[in-house]
Every structure is written in C-alpha cells, then in structure tokens.
Amino acid sequence: MNIRHTDRVAAVMPEEQLDKVRGALERLGVTVIPAAQTDDAIRVSASVVVCDADYGEGWRRNTQMILGYMPQARVILLSRVADERLWVEALAAGAFDVLPDPCDPDTLCSSVGGALTRQRQAHAA
C-alpha cells in the first residue's frame, strides 16, 4: 500500500466508536478526522469516509450526501448487521465496502488502503 501522509479519512460515527477506528487507521499513517455529521465529512474533503451505517440519517442518506458532494470519495460502512443484503444494497448505492462492527483493525486498514489505491487509480486514468 502506498499511503501518503496527506491522506485523510473522515470518521462519521459516535465518539465512543471513534477511538477504535482512529487507533487502527493511524497505524496506516493517514490522518483521521472526526465528523459528528455527514456535513462535517464533506467540509474536510476526505479521500475516504468511514461511516457507522446506523448513525445520523442512516447509511443510504449518508452515502448519497457524501457522493453527491464528493463523487471521488470512497465510502466504507461499518454495520452491526453487515449481512449480504446490506452489502449488495450499499455497493449498488455507491459505497466502496461494508464491514462488520466491531471490525478487526487489519480488515479496516486493508479496506481503507484499497479505497485509497482505487481512488488514485481513478485520478490517474
């Protein structure tokens, strides 16, 4: 993975969930920006947005808002009910990945790293 120190990941989730996500992702060398709401993630123009699927206005609305304002962003959803149905619906709505919550730190890092790589490839094309 080619992570840059300028890579920023917004985390749209409750405060109590943020520490685990931040701890996992800072091992990658990315900057994790807490976002109390989807609007906050949009304002910081993060490359990747990790969202709690059940937080705020819900995964579908959050994904639509993020991709509506930042079509280049990659959205990764964390869900306590990360079943096949949600995965299919979320990917069809434009999300990059759906992961179980709680999520293994290595799995989260792998997904975020993959999202950053895909984003760079899209910009290079």
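Readers should treat all values here as calculations from the given coordinates under stated rules, not as data from a laboratory. From a predicted model like this one, the values you see are computed outputs, not experimental measurements. Because the Cβ atoms are built from the backbone with ideal geometry, glycine has one as well, and the counts that use them run over all protein chains shown.
Can you sort Asp52, Asp19, Asp40 by how many other beta carbons sit within 10 Å, fewest first? Please report the intermediate quantities before stating the final value.
Numbers: Asp52 21, Asp19 11, Asp40 15.
If I rank by nearby Cβ atoms, fewest first, I get Asp19, Asp40, Asp52.
With n ≥ 4 as the cut-off for DSSP H runs, can you work out [θ] at 222 nm for the chain, using -39500 (n - 2.57) per run divided by the number of residues, rounded to the nearest 500? Walk me through the numbers on the way to the answer.
Details: 5 runs with 58 residues, N = 125.
The helix-only estimate for the chain comes to -14500 deg cm²/dmol at 222 nm.
For the stretch 58-125, what does the alpha-carbon gyration tensor say about shape, rounded, prolate or oblate, given a ≥ b ≥ c as the root eigenvalues, a/c under 1.5 as rounded, and a/b over b/c as prolate?
On the way: a/c = 2.13, a/b = 1.21, b/c = 1.75.
Oblate, since a/c reaches 1.5 and b/c is not below a/b.
Multiplying the residue separation of Val44 and Arg85 by 0.36 nm and subtracting their alpha-carbon distance yields 11.7 nm. Using the Cβ-Cβ distance between Ser110 and Gln72 with R0 set to 22 Å, the FRET efficiency works out to roughly 0.60. Computed from these coordinates, which is Cα extents along the principal axes in Å: (i) 51, 26, 19; (ii) 31, 30, 27; (iii) 59, 38, 20? Only one listed value fits the structure, namely (ii). For the stretch 15-71, GluC sites (Glu not before Pro) meeting the loop criterion (DSSP other than H, G, I, E, B) and having at most 13 other Cβ atoms within 10 Å: Glu57.
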